[in-house]
Amino acid sequence: MPMVTLVDYGLGNIQAFAHIYQRLNIPVEVAKTADQLAKAEKLVLPGVGAFDWAMTRLNDSGLRDTLDELVLRQRVPVLGVCVGMQMMAHRSEEGELPGLGWIDAEVLRFDPAQIGETPLPHMGWNDVRPAATDSLFRGIEAPRFYFLHSYCIAPRQPADVLATARYGSDFTAAVRSGHVFGTQFHPEKSHQWGIDLLRNFAEF
Amino acid sequence: MLRPRIIPCLLIHKGGLVKTVQFGAPKYVGDPLNAVRIFNEKEVDELMVLDIDASRLGRAPNETLIGQLAAECRMPLCYGGGVKTVEQFERLIALGVEKVAVSSAAVDDPALVTRAAERFGSQSVVVVIDVKIAGLLRQAEVLTLNATRRSGLEPVAFARKMQDLGAGEIVLNSVDRDGQLQGYDLNLVERVRQAVSVPLTVLGGAGSLDDIRGLVRRYPVIGAAAGSLFVFKGKYRAVLINYPGRTERDALARPVETQADSS
């Protein structure tokens, strides 16, 4: 099975991903430098924090050019998680820096006109409805995952919506555009549901 | 449907886990990493770990232990204790903590909440408010440093202020009810819920799943946290880590009208 490379730019729970893959006996490594990244066959881009902060950390990490090369030209499969997914869009209402632009989408704040009095951030376990069950969600029954966010990705192509969830109104919980995957929820913090999803990504 | 969060709260004291009564009389209940492994098996919704020595003794967070806990946790982790600076927020988030809690630092330096929220987003900034009902007029007051220091602050207004400064979650912790197993202070919960719109988590007093059921039925989006309930069993308070199973939790969260047996 191909190695899963965790992109370590100083944000997100690298060790939680590593633990899960080790327990699954799936080869995993952590890349902190462009050299370590260069041979990656599968990428996980984690993230916790505000959009501009995460983009700044990634841009300053020395990994950006190699990542773009891997994802855009070599078409290496990538899974962005939470802000890691949001960074793959063109831009976010949370910040001013441009995103990676790996997926044709932008990131918007939950709209009060649609969700009403529902508290933000959206925090906790929610049901997820996959539009397709052949990739990340294969074999996962009654999927539920942990969410922690106030902003949502909005793909311009409806076909890029891989799963939705409901919080006041429906929003995009996971995206897929070819080899580019993203989840708004945290699979590394979602017990067996998340472990199954991470295995599916490794096996994709 | 977003489920209510049912959250074990673990207290760290002298390197071990303890459970207190009204913030005193710490009783040793086990090893932190071992407890996390058991809670992993029980698929808990999320975990809150509070180091009750750090702020009181002026210590920084124990990053070695927190890093081990965060890596072991297969559920989100909220850590609090000794956090005073944005740099500490940054290091804890880099260690894999999803949510960082402040308490005395939020009282002493409210702008810290804003600085942290601007950099890391509100979703990672939690304010824990320890509340004691005190005085002849039975007024609620915010206390800090394990309830050893009075702040003079009124908790409902303080919760509102913390939200306005950028906190993404308020943890309302009742000093009086800690370890009493007599139920949550629903009166105080109602007043704070009316005042804030960010997620609210309630801690202090839960003695049974009925207490949790009562809370989550009343408030559809809420965190129900407990210490004693999830680490003790029986009237002699034998240490036994426990947590409701998946079907039991789903039933707790179900609206009353669809519940076959709501008694």
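The values are calculated or read from the model by the stated rules, or taken from the named source; none is laboratory data. Just so it is clear, the model here is predicted, and its values are computed rather than measured. Cβ sites come from the backbone with ideal geometry, for glycine too, and all protein chains shown count toward neighbours.
General observations
- Residues (part of a strand (DSSP E or B), of a type in the set (Ser, Thr, Tyr) and crowded, with 21+ Cβ neighbours inside 10 Å) located in the range A:173-204: A:THR183
- Screening A:ALA38 with (1) within 14 Å of chain B (Cβ to nearest Cβ); (2) among the small types (Gly, Ala, Ser); (3) at negative phi gives one miss only, at (1).
- Residue check for A:ALA113: of a type in the set (Gly, Ala, Ser), more than 14 Å from chain B (Cβ to nearest Cβ) and not in a loop (DSSP other than H, G, I, E, B): yes
- Residue within the range A:81-93 that is assigned to a strand (DSSP E or B), without any contact (Cβ under 8 Å) to a residue 60 or more places away in the chain and either in contact with a helix residue (DSSP H, G or I) (Cβ under 7 Å, 6 or more places away or on another chain) or crowded, with 16+ Cβ neighbours inside 10 Å (or both) present: yes
- Summed over the range B:190-210, residues that are away from chain A (no Cβ under 14 Å) and either modelled with pLDDT under 95 or surrounded by fewer than 21 Cβ atoms within 10 Å (Cβ to Cβ) (or both) total 6.
- Filter result for A:THR118 (within 12 Å of chain B (Cβ to nearest Cβ) and closer than 25 Å to B:ARG249 by Cα): yes
- When B:TYR28, B:TYR79 are checked against the criterion of being in a strand (DSSP E or B), in contact (Cβ under 8 Å) with a residue 12 or more places away in the chain and surrounded by fewer than 23 Cβ atoms within 10 Å (Cβ to Cβ), a single residue qualifies: B:TYR28.
- Residue satisfying condition, being at pLDDT 95 or above, surrounded by 15 or more Cβ atoms within 10 Å (Cβ to Cβ), within 14 Å of chain B (Cβ to nearest Cβ) and not in a loop (DSSP other than H, G, I, E, B), within set A:LEU58, A:LEU67: A:LEU58
- Meets criteria (surrounded by fewer than 24 Cβ atoms within 10 Å (Cβ to Cβ), at pLDDT 95 or above, over 30 Å from B:GLN194 (Cβ atoms) and within 14 Å of another protein chain (Cβ to nearest Cβ)) for A:GLY101: no
- Qualifying residues in the range B:111-124 (those that are free of Cβ contacts under 8 Å to residues at least 40 places away in the same chain and facing chain A (nearest Cβ under 8 Å)) - the one surrounded by the most Cβ atoms within 10 Å (Cβ to Cβ): B:PHE120
- Yes/no for B:GLY227 being in contact (Cβ under 8 Å) with a residue 60 or more places away in the chain and in contact with a Leu (Cβ under 9 Å, 6 or more places away or on another chain): yes
Yes/no matrix, rows are residues, columns are (1) within 14 Å of another protein chain (Cβ to nearest Cβ); (2) touching a Lys or Arg at 6+ places or on another chain (Cβ under 6 Å):
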residue: B:LEU50; (1), (2): no, no
residue: B:SER55; (1), (2): no, no
residue: B:ALA60; (1), (2): no, no
residue: B:LEU69; (1), (2): yes, no
residue: B:GLU72; (1), (2): yes, no
residue: B:CYS78; (1), (2): yes, yes
residue: B:GLY82; (1), (2): no, yes
residue: B:PHE89; (1), (2): yes, no
residue: B:GLY96; (1), (2): yes, no
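- Taking (1) part of a helix (DSSP H, G or I); (2) β-branched (Val, Ile, Thr); (3) over 16 Å from the mean Cα position of the chain (by Cα); (4) more than 26 Å from A:ALA50 (Cα to Cα) in turn, B:ILE93 satisfies each apart from (4).
- Number of the condition not met by B:VAL36 [criteria: (1) hydrophobic (A, V, I, L, M, F, W, C); (2) surrounded by fewer than 24 Cβ atoms within 10 Å (Cβ to Cβ); (3) part of a helix (DSSP H, G or I)]: (2)
- B:GLU41, sole failed condition from (1) more than 16 Å from the chain's Cα centre (by Cα); (2) in contact (Cβ under 8 Å) with a residue 12 or more places away in the chain; (3) within 14 Å of another protein chain (Cβ to nearest Cβ); (4) more than 23 Å from A:ASP8 (Cβ to Cβ): (2)
- Test: residue in the range B:168-187 that is over 17 Å from the mean Cα position of the chain (by Cα) and buried (at least 18 other Cβ atoms within 10 Å of the Cβ): no
- Complete set of residues in the range A:142-173 that are farther than 17 Å from A:VAL83 by Cα, of a type in the set (Ser, Thr, Tyr) and within 12 Å of chain B (Cβ to nearest Cβ): A:TYR167
Listed here are the residues, each with its yes/no results for (1) surrounded by fewer than 18 Cβ atoms within 10 Å (Cβ to Cβ); (2) of a type in the set (Val, Ile, Thr); (3) away from every other protein chain (no Cβ under 14 Å).
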position: B:ASP109; (1), (2), (3): yes, no, yes
position: B:VAL126; (1), (2), (3): no, yes, no
position: B:GLY135; (1), (2), (3): yes, no, yes
position: B:GLU141; (1), (2), (3): no, no, yes
position: B:GLN163; (1), (2), (3): no, no, no
